[in-house]
1. Putting +1 on Lys and Arg Cβ atoms and -1 on Asp and Glu Cβ atoms, find which of Met129, Ile161, Gly37 reaches farthest to the positive end of the dipole of the chain.
2. Express the C-alpha Rg of the chain as a ratio against the empirical globular expectation 2.2 N^0.38 Å, rounded to two decimals.
3. For helix 99-121, what angle does its Cα long axis make with the longest principal axis of the chain, in degrees from 0 to 90 and rounded to 10?
4. Would you list Tyr115, Tyr108 from the most to the least accessible area, probe 1.4 Å?
5. If you count, for each residue, the other Cβ atoms within 10 Å and average over each peptide, how do 2-10, 120-128 line up from highest to lowest?
6. Restricting things to alpha carbons, find the Rg to Rh ratio for region 120-223 using the Kirkwood radius for Rh.
7. Using Cα atoms only, what is the angle between the long axis of helix 72-91 and the major principal axis of the chain, expressed in degrees (0 to 90) to the nearest 10?
8. How much accessible area per residue does region 29-150 have, in Å², with a 1.4 Å probe?
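The values are calculated or read from the model by the stated rules, or taken from the named source; none is laboratory data. Keep in mind the model is a prediction, meaning the values are calculated, not measured. No Cβ is skipped: glycine too gets one built from the backbone with ideal geometry, and neighbour counts run over all protein chains shown. In case anyone asks, the SASA skips ligands and DNA or RNA and just uses the protein heavy atoms, side chains included. Shrake-Rupley method; radii C 1.70, N 1.55, O 1.52, S 1.80 Å.
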Amino acid sequence: MKETFRANHLIKTGFILLFVFILWTVAIETVDEAPIGPQNSIVGFSGINKVFHEFTGLNRTVYKITDVLGLVPFVVCGLLGLLGLYQWIRRKNLLKVDADILACGVYYIIVILCYFLFEKLALNYRPEMVEGVMEASYPSSTTLLVASVMPSALLEINRRIPNGTLKTILKFTVALFTLFMVFARMFCGVHWLTDIIGGLLLAIGLFFVLKGVIQNLDSKKAE
């Protein structure tokens, strides 16, 4: 009963964060708008965004590093997908694949759909043009991917790897990588501060729902 309560609490918290993300998205399209972006593109929360961008400046080296490392979440999705495929083939039934892997598979599809959706919507543009091109900036897609996929990797490490040195190293590496990517993306100057916040709200909200769903599945299996 206690585990079910905790799981449902996580899911509710996740949906609250997703609702806050929606409110935040509306706010960046309506609050303190001004043409401070490239080619006078309109940006919400212009005051704080302008000050923060002037503080960070643009660091192309860090930007390129985070762009390359931004492929890591896709690798994590692929590895878990391969594990699911292996179980499916061996057990000859998709429904016999571990429930947490199936849940993560659905979760990754949702995350990637959000990634491409906001790339197309282009609610605002980056503070700096990339190779002469204006690119969509909200929410930070790299932040979204890293902050949603890497915590799920931690979840699976905790579930599937026995306690020991390897588990400790993997957990530390994943946590350090996640923190580095979020802060590096925030301070390299290719996103507005509000883009990073939006990416974190969406990612953490989705992850809380995933974690709650998996805990619920575990409780039902235990019963």
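1. Ile161
2. Values: Rg = 19.1 Å, N = 223, 2.2 N^0.38 = 17.2 Å.
Compared with the compact-globule rule of thumb, the chain sits at 1.11.
3. 10
4. Values: Tyr115 50, Tyr108 15 Å².
Accessible-area ranking of Tyr115, Tyr108, largest first: Tyr115, Tyr108.
5. 120-128, 2-10
6. Checking Rg against Rh, the ratio lands at 1.10.
7. Tilt relative to the chain: about 20 degrees.
8. 56
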